[in-house]
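Laboratory data are not the source of any read-out in this text; all were calculated from the coordinates shown. Just so it is clear, the structure is predicted and the values come from calculations on it, not from any experiment.
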Amino acid sequence: MRVSRFFAVGVAAAMAVALAACSSSGSSPSETDSGASGEDYPITIEHALGTTTLTEKPERVATVNWANHEVPLALGVVPVGMAAANFGDDDGDGLLPWVKEKLDELGAETPVLFDETDGIDFEAVADTDPDVILAAYSGLTQEDYDTLSEIAPVVAYPEGAWATSWRDVITFNSRGMGMEAEGEQLIASIEQEIDDAIGEYPQLDGKATMFLTHVDPSDLSEVSFYTSHDTRSAFFEDLGLSTPKSVADASAANDEFSGSVSAEQVDVFDDVDIIVTYGDEELIALLEGDPLLSQMPAVKNGAIVALDGSGPLGTAANPTPLAISWVLKDYVALLAAAADKIQ
């Protein structure tokens, strides 16, 4: 499948205007400083791991953990250092394709790539001499945050680790760059792209969709799924889909990003119209052949979207500022094809 790539032209043009014309705007409820962007300093940002104050606009931006670098890149700023992609990287260069395309568009060389295979490389981060470290979408521990804060001010996640919505990733990271207004423009641009894409597929409207976690073909005794706390599942709402009551109830019962039920209780998911998961046609055949899982309406109807979990398409199903536009048309088309099979 050739994945659509229409972000580069549309948003680049929009952001060029935004960078030239946008002025200050009001702060979000999570931020305590009344200034917005530009020269309104100090800027104070409250987040789950503390309070960060910036006394002047950062010039050298570093990012750690997954996808945070996509915010400065989308706003035309090349980080001095960022985390190397540790999955979904189809050519082994440490860059996901939408990131590589954006760097090429900006005429920029690849920044320093931090190897986070064994955790954050604090020494490598320090060597880039950053003015701010962005980590609004991350799994930072308090110890990580405290160590990074000795290097530069750190913008951490607003509530929970790995639970930051793509909008808040943009809001908090752009705020940390002193570019809140530009971040708002970016959010509006992506929202418009989403509206345009789903407008072509009215059959998606309200379809109850769940995201199964990686299915173990050797053990189908449990059905594991991402709760609504996970950004992959939360993104369904952006696409005009709905959260099944079964998943919503399980999400309300705990704060975890995933949950599971015994396959013997699979009838709890009778309210699921569409299933998205990682796998291929072989996995779909396995689900359809299982005496218990085959009873799920979505499986009976073949309303399943199977994504390559190790490739760019599956990776992009976790919505991030640049990945959304890169994958949007193809992802929505796959969901619509599944919706067409609902009986």
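Let me know the whole percent of all Cα-Cα pairs from the stretch 202-339 that are separated by more than 19 Å.
45
Out of residues 5 or more away from L307 or on other chains, whose amide H comes under 5 Å of its own, with H placed 1.01 Å from N in the peptide plane?
HN-HN under 5 Å from L307: T277, Y278, G279.
What's the Kirkwood radius of the stretch 50-156 in Å, using all Cα pairs?
13.9
Mean 1/r over all different Cα pairs, inverted: what Kirkwood radius does the chain give, in Å?
Final number for the Kirkwood radius of the chain is 20.9 Å.
Restricting to lysine pairs 8 or more places apart or on different chains, what number in the chain have Cα atoms under 17 Å apart?
The result is 4.
For the stretch 111-258, what are Rg and Dmax over the alpha carbons, in angstrom?
18.5, 52
Take the chain, connect every pair of alpha-carbon atoms lying under 10 Å apart with a spring to form a Gaussian network, then pick out the residue of M82, M210, M296 with the largest mean-square fluctuation.
M296
Can you list residues from other chains, or at least 5 along the same chain, whose modelled amide H is less than 5 Å from the amide H of S258?
For S258, the qualifying residues are T227.
Per the Cauchy relation, a quarter of the hull surface: what is the mean projected area of the convex hull of the alpha carbons in the stretch 279-328, in nm²?
3.9
Which value at 222 nm does the chain reach when only helices count, each DSSP H run of 4 or more adding -39,500 (n - 2.57), with the total divided by all residues and rounded to the nearest 500 deg cm²/dmol?
Taking each H run of at least 4 residues, the total per residue is -11000 deg cm²/dmol.
I'm a student and want to see the number: the projected area of the Cα convex hull of the stretch 195-234, averaged over all directions, in nm².
If you wrap the Cα atoms of the stretch 195-234 in a convex hull and average its projections, you get 4.1 nm².
If one takes the longest principal axis of the Cα atoms in the chain, at what angle in degrees, from 0 to 90 and to the nearest 10, does the Cα axis of helix 323-339 lie?
Roughly 20 degrees, rounded to the nearest 10.
Roughly what % of DSSP beta bridges within the chain run antiparallel, to the nearest 5? Intermediate values should be presented prior to the final figure.
Working: 13 of 30 bridges.
Beta bridges within the chain, antiparallel portion: roughly 45 percent.
For a quick size check, give me the Cα extents of the stretch 299-343 along its three principal axes, largest first, whole Å.
35, 19, 11
Return the equivalent ellipsoid semi-axes of the stretch 227-273 as a descending list in whole Å, where each equals the square root of 5 times an eigenvalue of the C-alpha gyration tensor.
Computed over the stretch 227-273, the values are 18, 14, 8 Å.
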